[in-house]
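Q: My questions will all concern the structure given below.
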Amino acid sequence: MITITKSPDILQLIELAIREDLSLGDITSDILIPKHQTGKAVILSKAHGILCGQEIAEMVFARIDQAITCNFHLHDSDLMHPGDIIADISGPVHSILSGERIVLNFLQRLSGIASFTHQATTKCKNTPCRISDTRKTTPGWRILQKYAVACGGGANHRICLGDGILIKDNHIRAAGGIAQALKKALKHRRHLLKVQIEVTTPQEAHAAVENGAEALLLDNMSPEQIQSLVNEFGNRVFLEASGNINETNLESYARTGVNLISMGALTHSFHSLDISLEVE
C-alpha cells in the first residue's frame, strides 16, 4: 500500500495549499481572535463513508502551528456515519481556524475517493475481480488519490509511466501494429516486467496473445465479449477490463471472471464527502 508520511511530494503539496490560502495572512482571525486565545474544536462527519486523510490533517495543523493537538477517534479506512466525531482539536483558536479549510479540503476529497472506491469494491465482493485506479488523477495529487483508493479497498495501477509496460492504441499506431509493438517490447523489457497491451476487439485480443502478450487491457468491450475472452485466455494471460464501466454495469463486468477492472472515475468523478470543523 502507498504510504504518504514525510513524502517530499506531499510536503510540497501541503506547502502549496498553505501558501495559496495564507499568503496574505488570515485577516478575519487577526481582527477577531487574539493569538493567545486557546480553545477546542471537533471535526465531524456529516455523511456515510470511508475516512481518508488523517495524516495529512495532522501534518497541515502541525505545519501551521505546532501548539495544535489532534486526537483522532477514527482513522484512515474506518467507516463513518453522520454525526460521528472524527477528531478533537485543541490549541490556539486563531491557528485552528487558519488551517480549517486546508484540512477540510484534503479530508473531504480523499474521503470522497475512498468512499466511492469502497462502494465499487462492495459490488464485486463475491467475485475474484479487483477494482483499480488509473493515472487519471489531479496533477500533484496522484500519491494522495491513489492512497485514498487503497483506503477504500481498491488496488493501485501504475503510479507513473516508468512503473510498467502498457502498450496503448497510440503506441500501437506509432510502432506499426500489434505484432511490431509486442516484438519490440518483449525484446527490450526488463525481465521482471510483464508486457500488457490494449485491445478493443476480440480479433485484436487473439493477435496480441499470438504475438506473446502477457496481459491484455480489454478496452470498451461488452461483458459478453470479455466473458468469451476469459473462457479462452483466462488461464494464459492477465485480463483487465476498462472503459465506460460505471456503478450501474460494474457488477456485470466483474462477474465475467476478469482479473481486474480499472476505473478512472475513482479519481476524477467522485463526490467530496461532507465533513466539517466546529469550534466548541
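The values are calculated or read from the model by the stated rules, or taken from the named source; none is laboratory data. Since the model is a prediction, treat every value here as computed from it, not as a measurement. Every residue, glycine among them, receives a Cβ derived from its backbone with ideal geometry; neighbour counts consider all protein chains shown.
Q: Please go through the range 24-58 and give me each residue that is farther than 19 Å from A148 by Cα and among the polar types (S, T, N, Q), ordered by number.
A: Within the range 24-58, T28, S29, Q37, T38 qualify.
Q: A further question follows. How about the range 136-155: which of its residues are closer than 24 Å to S252 by Cα and surrounded by fewer than 18 Cβ atoms within 10 Å (Cβ to Cβ)?
A: K136, A155
Q: Name the one entry in I86, I96 that is among the hydrophobic types (A, V, I, L, M, F, W, C), in a helix (DSSP H, G or I) and under 30 Å from S29 (Cα atoms).
A: Every option except I96 fails the conditions.
Q: Of the residues L79, L44, only one is farther than 26 Å from M263 by Cβ and of a type in the set (A, V, I, L, M, F, W, C); which?
A: L44
Q: Exactly one condition in (1) at pLDDT below 95; (2) under 19 Å from E55 (Cβ atoms); (3) charged (D, E, K, R) is false for R101; which is it?
A: Failing condition for R101: (1).
Q: Right, next: On the basis of being outside any strand (DSSP E or B) and under 22 Å from L229 (Cβ atoms), does N170 make the cut?
A: Working: outside any strand (DSSP E or B): yes; under 22 Å from L229 (Cβ atoms): no.
So N170 fails the test.
Q: Are any residues in the range 42-58 assigned to a strand (DSSP E or B), touching a Gly at 6+ places or on another chain (Cβ under 9 Å) and crowded, with 19+ Cβ neighbours inside 10 Å, and if so, which ones?
A: S45, G49, I50
Q: How about the range 135-167: which of its residues are polar (S, T, N, Q) and not in a loop (DSSP other than H, G, I, E, B)?
A: The first filter runs over the range 135-167 and keeps only residues polar (S, T, N, Q), leaving 137-138, 145, 156.
Within the range 135-167, Q145 is the sole residue that qualifies.
One line per residue, one yes/no per condition, for (1) of a type in the set (D, E, K, R); (2) more than 25 Å from the chain's Cα centre (by Cα); (3) surrounded by fewer than 15 Cβ atoms within 10 Å (Cβ to Cβ); (4) not assigned by TED's automatic domain parsing to the domain that holds G112:
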site: D133; (1), (2), (3), (4): yes, no, no, yes
site: I159; (1), (2), (3), (4): no, no, no, yes
site: D163; (1), (2), (3), (4): yes, no, yes, yes
site: T201; (1), (2), (3), (4): no, yes, yes, yes
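Q: Taking the condition closer than 12 Å to L166 by Cβ and not hydroxyl-bearing (S, T, Y), does E198 pass?
A: Here the answer is yes, as E198 does meet what is asked.
Q: Residue under question is G176, and the condition is that it be at positive phi and at pLDDT 95 or above; does it hold?
A: Against the criterion (at positive phi and at pLDDT 95 or above), G176 qualifies.
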